[in-house]
Amino acid sequence: MKRITTILETKYPAIIWTIIIFIMCTIPSEHIPQNNDKMSHFIAFAGFSFFWLFQQYKTWLIILGAAIYGLAIEFWQAVLPISFHRGFDWYDALADAIGGVIGYFIYLILNTLLKNKEDV
């Protein structure tokens, strides 16, 4: 368990996850399997806050960062070529922000479990 915590405390998982979100939100939508779009945003940004919270930044900064990053991606999608089939969606931005909050609770649960395992 200590190894998992050590990996999560490096910036690499958070940086890689952030880049993956950008790539997945930038590639043309016809190249992405169609599923529940809002759930995908929710899960992606829950992961965003989850990984960044291991960096010991203030919680409110991470959650705010998730919301701002999600909104920035929506603006980015608005300027992509029409052939990408992407566009600005307030509901996607809302799903990103809610995902950022839920990621905090997932972080709390997992971090508590990992610390309890280390104490045993």
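So for each of 40-53, 77-90 I average, over its residues, the number of other beta carbons within 10 Å; can you give me the resulting order with the highest mean first? Numbers along the way, then the final one.
Details: 40-53: 23.4, 77-90: 12.6.
Highest to lowest by the protection proxy: 40-53, 77-90.
Across 5 Å bins from the origin, how do the percents of Cα pairs in the stretch 1-86 run, short distances first?
Taking every Cα pair in the stretch 1-86, the percentages come to 3, 14, 21, 23, 17, 11, 8, 3, 1, 0.
Just how many pairs of Lys in the chain have C-alpha atoms closer than 17 Å, counting pairs that are eight or more places apart or on different chains?
Numbers: LYS2/LYS11; LYS2/LYS115; LYS2/LYS117; LYS11/LYS58.
Close lysine pairs found across the chain: 4.
Would you mind getting me the FRET efficiency between PHE84 and LYS38? Use the beta-carbon distance for r and R0 = 22 Å, nearest 0.05.
After rounding to 0.05, the efficiency reads 0.70.
Using a Förster radius of 22 Å, what is the FRET efficiency between TYR12 and PHE75 based on their Cβ-Cβ separation? Nearest 0.05, please. Please list the in-between numbers first.
Values: r = 27 Å, r/R0 = 1.23.
For R0 = 22 Å, the calculated efficiency reads 0.25.
Place +1 on the Cβ of every Lys and Arg and -1 on the Cβ of every Asp and Glu in the chain, take the dipole about the Cα centre, and give the residue among LEU113, ILE63, HIS85 whose Cα lies farthest towards its positive end.
Result: LEU113.
Give me the distance in nm between label points sitting 7 Å out from Cα along the Cα-to-Cβ direction at TRP60 and TYR91, one decimal.
If labels sit at TRP60 and TYR91, their model points lie 3.1 nm apart.
Let me spell out the model: positive unit charges on the Cβ of Lys and Arg, negative unit charges on the Cβ of Asp and Glu, origin at the Cα centre of the chain. What dipole size does that give, in debye rounded to 20?
With only Lys, Arg, Asp and Glu charged at Cβ, the dipole is about 440 debye.
How big is the stretch 55-120 in terms of Cα radius of gyration and Dmax, in angstroms?
According to the Cα coordinates of the stretch 55-120, Rg and Dmax are 16.2, 56 Å.
Any read-out appearing in this document is the output of simple, stated calculations on the displayed coordinates, not a laboratory observation. Remember, predicted model here, so these are calculated numbers, not experimental data. Don't worry about glycine lacking a Cβ; one is built from the backbone with ideal geometry, like all the others, and counts go over all protein chains shown.
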